[in-house]
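Values quoted throughout were computed directly from the atomic coordinates according to the rules given, and no laboratory measurement underlies them. Treat the numbers as computed from the prediction; the structure is a model and nothing was measured. All Cβ positions, glycine included, derive from the backbone under ideal geometry; neighbour counts span all protein chains shown.
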Amino acid sequence: MKCTNCGFEQQEGKFCGQCGAPLSVGDQEAVKVDATNESTSQGHGEQAAGAEASQSAPVSDVKDNEVLDKVKQVTKTYGTYYVKYLKRPSRIFSEKVDFKHGLISMAIIVILMALSVALLIRNFMQPYEGFGGMFSDSSYNVGPSFFAMFGYALVFLVICMAIIVFLIYVVNQFFGTAYTFKEMSSVYGAHLVPAITVTGVAFILILLKSNTFGSYLLFTGFGLVVWLFPLYLISSLLSRRTRNIDPLYGYLIYIVLTAIAFIIFALILVDSTFGRILDQIGYY
């Protein structure tokens, strides 16, 4: 505080230490205000420093944690979905459409099948390693690469499933229930859960180089995905609500359209790069 009589400054007291004049109450309050402002400014400085420290933390770590939490949540909910429709796939007809999990089912089975095909071809094309590998050259690769086969198998399976879902949707729109394309994809995805199980076992067997049993299960899973399950779906959907035509004829129309679509698709494949890959595999 500062004496108004002589200008002497001191920290505390009711009288000036130099001239003895009484110090006013206003001077004391001014000192308190200055002290309060000083402590407040220090507090704001500490808060600002803390905010700068938090902002200086890596943003990538926060984003990684958020992504990891989302992956865990999706995995957990899909696990519940998988168990439920493994027990009763037809429950999807009477429940709310679950497009996200149906799409995940389609993605899982496509990836599993593509990996299984690529592994199976790699197992069959490995160099001969008789007599303890004395006559084999590990640097010699036979046939197309693993990633090439995986990519072609993936595209092939995606196109096959797209044809199936589209034809079921079209036939059902004209002759059965008025499901949207999104709803039809959800119904199809829920019925793929048993096929995912079969294909998963096939993948494990092929990974363990049990090629014979693995290939049998792989072909079984493929037949379920592109033939048996779609036939069940179209017959079930047409029987639930028929439009303008008997379900039997709608069923036959679906079979004819599917046969035509896959014949055209096969002819396109023969003339494409995929056909040349198949010829290369046959050569080896």
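A few notes on this one:
- Label-to-label distance, nm, for residues given as residue 266 and residue 69 (7 Å Cα→Cβ offset): 5.2
- Here the simple spin-label model places points 7 Å from the Cα toward Cβ, and for residue 83 and residue 145 these points are separated by 4.2 nm.
- Legend: ranking of residues 183, 66 from fewest to most surrounding C-beta atoms inside 10 Å; resulting order 66, 183.
- Legend: residue pairs 72/209; 72/96; 76/96, Cα-Cα distance threshold 26 Å; pairs beyond threshold, 72/209.
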